[in-house]
Ligand code: PLP
């Protein structure tokens, strides 16, 4: 088969966009959670690759036939599981253009627009979310798009590790005395980052939380004092704005004050919840963020920008760059040597990078700040409405405060009942919820954030949850 000609590309490109538009219309009717059994999708695929090329018509038809049965529909308005991964037309089109341009943005010189648009849009986002001005590129800080909050945490930890050791760990290997701090509710990505950064799990402290599942600053301070007394070297604290399990907001002013006093790097993970700060009435979640050394949130979760797009900010870019920079001969160029440009390869783990800023730029320009605010506010209203129904119900109870778009609740009949309830709800295909454990109890989570989710979907979810509970009890 020859290369696809521009004319053929146009024809099949239109067909693919048509397919996506139809999918957007019909996704609501598809069973949210894939019903595929392990191995079923593979078994339907040919055992060997085609020796000669196939028609694109045939390839596209196989999406419906072979792939859709194995898809869990994250874009369904009835998807209330884990966290949203919402996308939008402008974001998909931005990503398509990025693929079409097919550039590598590792250095400013390898495509100046890729770097400069990214720097510019990330400065915009500082103002859009009311983040500390110190995260802007005009001063000592700056923002970069990472693939994920996990990578952001790892980069922050590596910079923290280097800063704490006078940039010597990169030279001599990791010091067994370095200590990192999270809460019992911190996302597992931080533990993974700790292991990758060579600290070892015994150098990670899991600080207890209060009755709202937020990190206890007094317990943090106590643990740091104990570690110092034992001759250890605290180097990194990860706080969270809206934890994965329950949307708990760690007390940044208190944690930040400890970090400053002790000279410890503070990273704040706002993966999903950070987006709420688009709305001025929710900016309180970031109170104290000016005390942080780094921060991230994921437009690929809750800002209509398809995966991957994590906005990662540092207050002092020099520490990050010094930690991650190596300049081999083959990457040397005049622009880098002039010192006048940003080379984002020094701000991340891989060398290569896609033009991800395009989709974020498209999203912001399509919706405008007011449009984004309107949709986020609406999601929070819907979650709050659901929380009211739970509170008013005699059968169900709220299991944690619900400050934003996530409601943690449980049926009063106990853990085993709640597990059965979840299985029953999800087996219908009509909606998809997931669970967590809070204080050792099984808790159902309803997270509102899909692009197309409206009141009727949340009403339907509440009705189905109650009907499933009644059916189990009957
Ligand atoms: N941090 C928090 C608070 C999260 O909820 C999640 C995902 O659930 C992550 C980090 C990991 O996100 P990513 O997939 O972008 O690494």
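The values are calculated or read from the model by the stated rules, or taken from the named source; none is laboratory data. Just so it is clear, the structure is predicted and the values come from calculations on it, not from any experiment. Every residue, glycine as well, gets a Cβ built from its backbone with ideal geometry; the counts of neighbours run over all protein chains shown.
Odds and ends about this structure:
- Residues located in segment 302-346, provided they are away from the ligand (no atom under 16 Å from the Cβ) and assigned to a strand (DSSP E or B): 314
- Some residue of segment 310-319 being without any contact (Cβ under 8 Å) to a residue 24 or more places away in the chain and either closer than 24 Å to residue 242 by Cβ or crowded, with 22+ Cβ neighbours inside 10 Å (or both): no
- Checking each residue in segment 425-455 for being under 22 Å from residue 24 (Cβ atoms) and part of a strand (DSSP E or B) picks out 432, 447.
- Screening residue 401 against (1) assigned to a helix (DSSP H, G or I); (2) closer than 27 Å to residue 211 by Cβ leaves a single unmet condition, (1).
- For segment 389-417, the tally of residues that are touching a strand residue (DSSP E or B) at 6+ places or on another chain (Cβ under 8 Å), surrounded by 15 or more Cβ atoms within 10 Å (Cβ to Cβ) and farther than 12 Å from residue 465 by Cβ stands at 10.
- Of the residues examined, residue 370 is not one that is without any contact (Cβ under 8 Å) to a residue 40 or more places away in the chain and part of a strand (DSSP E or B).
- Cβ pairs under 7 Å, 6+ apart, first in segment 38-60 and assigned by TED's automatic domain parsing to the domain that holds residue 2 and surrounded by 10 or more Cβ atoms within 10 Å (Cβ to Cβ), second modelled with pLDDT under 95 and part of a loop (DSSP other than H, G, I, E, B): 53/1
- Candidate set from segment 252-274 (those that are assigned to a strand (DSSP E or B) and within 16 Å of the ligand (Cβ to nearest atom)); member that is nearest to the chain's Cα centre (by Cα): 269
- Here residue 349 fits the description: over 25 Å from residue 458 (Cβ atoms) and either under 18 Å from the mean Cα position of the chain (by Cα) or part of a loop (DSSP other than H, G, I, E, B) (or both).
- If you go through segment 78-93 and keep only what is closer than 24 Å to residue 407 by Cα and either within 16 Å of the ligand (Cβ to nearest atom) or in a helix (DSSP H, G or I) (or both), you end up with 79, 80, 81, 82, 83, 84, 85, 86, 87.
- In segment 285-299, the residues that are assigned to a loop (DSSP other than H, G, I, E, B) and within 16 Å of the ligand (Cβ to nearest atom): 292, 298
- Residue count, segment 423-456 (criterion: closer than 19 Å to residue 391 by Cα and touching a helix residue (DSSP H, G or I) at 6+ places or on another chain (Cβ under 9 Å)): 10
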